[in-house]
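Structure first, commentary second.
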Amino acid sequence: MKLRQVSDLSDFSRGHWLRELLCRGEEPSHVQSSPDGQHVLLLLKSRPPALPRVVAFQRHSIAGADLERSWQPPQPAPVGLLFLQSPVVPDSWVLAVVWEHGRTEVWHFVVAVGWQLLQTLELCQGARARVVSVCSQGASLVWCEERPPLGAHSDVSKCAFRFCVCARALELGEQGVRLGTARIVLHNSPEYQVLASPQHVFLVPAAAGFTTTSKFLLIWHPENAEFTITAPSAGFIHSKVLRSSSESDFKKLLLGSVGLLSGFAPLDIHTSTVSNSGGLLLVSTKGSVSILEPDGTQRHIFDLESGPLAQGSPVQLKTFGSILACVLAGVLYLVDQNSGRLVEKEVLSMKEVHFLESQGEEDSIQLLSQSGIYSFTFSKPEDNSRPEPCLVEMVFEEACRYYQRRSLSSSKLTVEKLKKGGTFQAPVVLAAILQHSLHQKQKPARSLQDSYSKLLSTVSLELQSYRSLELLKTCVVCAPESEVESYCKELVEQEVSRILQSDMDKDNLAYLNSVFASFPRAAWKATRSCLQLQQNGDGLLVARATPEVWKKVLCQPQLEEVGQNGMVPLFELICASFLRFKPKWLPSFVELTQQYVSSSWLYGSKEGPEGRVPLYKRALGVLARKNKHGEADEEMELELLLCSKRPKAVLQALHLLIHLKQWQRVVEVAEKFSKLSPLLNKEIFITLLAEFAQHRELDPYLDRLWPLCPAELTASDILTTVLQHLPHSQEDPVPFSSEGNQLTVGLLKPLLQRVVQRPSVQDEMYSDALQSSTFPPPTPPREHKIPSKAVADDVPQPPIARTSSPSALLQDDSV
């Protein structure tokens with residue numbers, strides 16, 4: 001990158017005054033150049049006794065009347081300087097100066113004549129309205145105005161919603177300027193800063209706004225009359241079409257999302273501006289630069305090295321093609337927006353600089369400073385030079401992240417420090433090997449050290465795989481439309497396989513989300529190939545994936561890593577693919593994953609995937625996010641609940657079947673899952689007994705239901721359950737009902753007989769004694785004495801007790 005001075009301000013009309021203003025510290029609060037780059041406008045908020053004013057300077061000493069407008073506080077101040085293109089006259093534009101009270105002055109510059117006031121218009125309809133922010137969107141002006149209440153409100157929350165967002169067409173024609181009908185886009189809203197892209201308008205909450213409303217941004221899509229509510233840090237995106245003017249109320253717009261939005265953290269925005277691609281560039285107070293796309297998704301670009309930013313420290317942002325230019329504290333950063341790579345970092349000798357339009361030069365950046373206008377031109381590499389490949393740069397960037405995570409130091413590690421420090425040799429060695437390998441086809445290979453050569457032979461297969469992958473990407477870009485799909489399938493399969501063999505960090509997970517969203521069918525086939533999913537001869541789903549791949553599939557990132565821009569874990573991505581392409585396999589897949597979890601982690605372990613949210617619940621969450629729901633989804637929900645074999649899930653499925661009145665399946669599920677555990681058996685039987693007491697739908701299945709009765713239930717327990725669940729009738733009960741749907745003793749008789757005739761718990765305790773060959777057991781042999789024989793013969797023997805219970809035996813002293 002080369003720096004050169006293109007103007008010392010002498011080619012400006014009143015250039016000496018412009019230089020004097022900048023040199024004496026009268027820094028402009030706003031600098032803007034015209035679309036043709038020939039005019040520079042400065043908004044000067046001078047200190048007394050000088051008056052604040054708007055001043056226009058012409059380049060190349062164009063003759064004509066100058067533009068200078070000043071005002072005396074507390075008079076209304078200008079809130080916007082807008083250049084509007086004329087749709088009638090090509091390459092023609094006008095300047096609109098919008099004042100705080102809504103008055104709009106439309107100026108036009110004519111060569112050899114100078115600035116002329118075309119017309120003065122009233123933007124607002126109310127005399128008490130106050131414009132706080134304004135922008136131009138196409139041929140319309142969009143502004144946020146304050147409408148003070150008629151009476152003094154004591155409620156602070158009501159005072160916070162006294163703003164509204166309005167739009168009005170500004171028609172430029174040969175006959176002059178005309179304002180269209182005012183349209184209220186959003187009323188009863190908090191204060192917003194409006195920023196326009198060619199197709200959308202971003203509504204950024206004001207810094208001093210209401211706390212609750214500073215947790216999200218709004219994006220207005222004028223063509224579709226649609227609003228997008230987005231909280232980028234929480235990954236929340238919701239769109240709503242405003243079909244009538246009554247729906248443009250701010251509170252109605254948020255209806256249904258208030259509870260969710262209230263739990264989010266406030267937005268962290270230090271500076272915001274619109275990029276030339278139509279996105280919203282955001283700088284956080286921590287120095288993180290990201291871009292918010294019109295669809296509500298956010299993408300991180302770059303982190304500034306200065307650390308936390310103070311509230312008053314200015315940050316200048318502007319995009320030139322694919323390059324993002326950022327000036328902070330006298331340092332110019334040039335960053336590639338697509339890759340986030342730092343292209344150049346330049347320490348400026350000027351204290352204060354301002355970006356200007358570079359007409360027709362996308363590869364140059366123009367800066368206005370006290371000493372003149374400077375241009376930065378991106379230098380192209382010479383023929384004999386050999387720039388470092390992007391892969392080499394990626395090695396150092398990845399090494400920075402790796403070492404920074406494991407470092408105890410608070411100082412930030414950069415690529416420059418890593419290259420020059422000499423402490424970490426691994427990235428230096430790998431970069432040398434990559435440079436040697438990637439350029440050996442272009443030029444003779446440079447000799448490597450012996451240790452490097454050994455490492456090169458070790459990673460040769462990986463380098464070969466990388467080359468083939470890059471070649472495949474080139475084929476995708478250059479292939480005709482008919483062959484793109486086949487190349488994409490192969491590319492997606494290689495990418496999914498590569499990521500499943502790498503660490504599943506946040507970046508890889510976000511990349512997988514984009515792959516599954518862009519190429520759903522190819523990603524589904526790649527997943528089946530990586531997991532080796534297929535049906536065996538019995539029709540059962542089997543997987544032959546390695547344990548390492550299973551761990552990547554089942555890993556569940558931390559809560560703060562999930563939900564970024566709708567990012568979901570890999571397990572949920574695969575479940576969504578099953579639902580889309582092979583829904584019948586989803587319950588079997590969940591069952592397979594549970595089998596792997598049970599063999600790899602202890603039950604209830606917090607380290608395993610089941611320690612946080614059970615797998616069947618994660619699969620149910622994917623099912624719940626479907627846009628359309630039908631009978632097939634209810635059946636899928638049942639299968640997912642039952643395949644988990646968890647007691648709560650089985651009972652939930654049983655209640656769902658009862659709600660659907662599928663009594664045949666109710667009995668089948670009860671018979672199958674009552675064998676899992678006695679506790680589940682008891683819960684299932686009591687649930688069905690309660691249903692039996694309320695209606696007669698289960699009567700045809702009583703012969704299959706009664707055998708499920710648990711052993712510990714007594715007749716009194718059964719009668720208590722039945723009486724508790726009898727339906728309540730508003731009429732007096734009668735002995736014989738004409739409806740024929742009342743519960744009778746005859747229906748309960750088989751169950752009660754079964755319980756009464758069943759051996760009790762005490763009988764089972766003495767089952768050994770009851771199964772003896774002689775009952776009661778014979779009397780042990782006694783020693784017979786001759787003198788007492790006659791007496792013994794005269795004593796009558798007690799009769800043998802024929803009792804049927806052990807308690808009777810214990811009470812009989814003769815045994």
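The values are calculated or read from the model by the stated rules, or taken from the named source; none is laboratory data. Here the structure is a predicted model, which means the values were calculated and not measured. As a convention, Cβ positions derive from the backbone with ideal geometry for all residues, glycine included, and neighbour counts pool all protein chains shown. Remember, those area values only see protein heavy atoms, side chains included, never the ligands or the DNA or RNA. Shrake-Rupley method; radii C 1.70, N 1.55, O 1.52, S 1.80 Å.
Glu671: within 42 Å of the chain's Cα centre (by Cα) and open to solvent by 20 Å² or more (accessible area, probe 1.4 Å), yes or no?
No; evaluated as a whole, the condition is false for this residue.
Residue check: is Leu723 open to solvent by 60 Å² or more (accessible area, probe 1.4 Å), in a loop (DSSP other than H, G, I, E, B) and of a type in the set (A, V, I, L, M)?
no
Which numbered condition in (1) surrounded by fewer than 15 Cβ atoms within 10 Å (Cβ to Cβ); (2) under 25 Å from Tyr511 (Cα atoms); (3) touching a residue at least 60 places away in the same chain (Cβ under 8 Å); (4) not β-branched (Val, Ile, Thr) is the only one that Glu346 fails?
Exception for Glu346: condition (2).
Between a first residue in region 698-725 that is under 19 Å from Ser677 (Cβ atoms) and a second residue that is in a loop (DSSP other than H, G, I, E, B), which pairs have beta carbons less than 6 Å apart while being 6 or more apart in sequence or on different chains?
Taking only residues 6 or more apart or on different chains, the pairs are Leu708/Ser674.
Restricting attention to region 174-205, and to residues there that are part of a strand (DSSP E or B) and either of a type in the set (D, E, K, R) or open to solvent by 40 Å² or more (accessible area, probe 1.4 Å) (or both), which single residue is farthest from Leu282 (Cα to Cα)?
Here the answer is Arg178.
From the set of residues in region 537-563 that are open to solvent by 60 Å² or more (accessible area, probe 1.4 Å) and among the polar types (S, T, N, Q), which is modelled with the lowest pLDDT?
Gln558
Can you tell me which residue in region 572-625 is modelled with the highest pLDDT, limited to those that are open to solvent by 20 Å² or more (accessible area, probe 1.4 Å) and of a type in the set (S, T, N, Q)?
Within region 572-625, the match that is modelled with the highest pLDDT is Ser588.
Looking at region 299-344, which of the residues that are acidic (Asp, Glu) and farther than 27 Å from Asn513 by Cα is modelled with the highest pLDDT?
Glu344
Identify all residues within region 433-475 that are of a type in the set (A, V, I, L, M, F, W, C) and at pLDDT 70 or above; write none if there are none.
Residues satisfying the conditions are Ile433, Leu434, Leu455, Leu456, Val459, Leu461, Leu463, Leu469, Leu471, Leu472, Cys475.
Going residue by residue through region 266-289, is there one that turns out to be open to solvent by less than 50 Å² (accessible area, probe 1.4 Å), at pLDDT below 80 and touching a strand residue (DSSP E or B) at 6+ places or on another chain (Cβ under 9 Å)?
no
Have a look at Ser214, Ser248 and point out the one that is open to solvent by less than 50 Å² (accessible area, probe 1.4 Å) and within 17 Å of Gln193 (Cβ to Cβ).
After ruling out the rest, the residue left standing is Ser214.
For region 295-320, how many residues are open to solvent by less than 30 Å² (accessible area, probe 1.4 Å) and assigned to a loop (DSSP other than H, G, I, E, B)?
Residues meeting the conditions: 4.
What pairs come up if the first residue lies in region 103-126 and is among the hydroxyl-bearing types (Ser, Thr, Tyr), the second is open to solvent by less than 30 Å² (accessible area, probe 1.4 Å) and not in a strand (DSSP E or B), and their beta carbons are under 9 Å apart, counting only those six or more places apart or on different chains?
Going by the 9 Å Cβ cut-off, the qualifying pairs are Thr104/Leu123.
Just the residues that are surrounded by fewer than 16 Cβ atoms within 10 Å (Cβ to Cβ) and touching a helix residue (DSSP H, G or I) at 6+ places or on another chain (Cβ under 8 Å), please, taken from region 499-509.
Gln501, Ser502, Lys506
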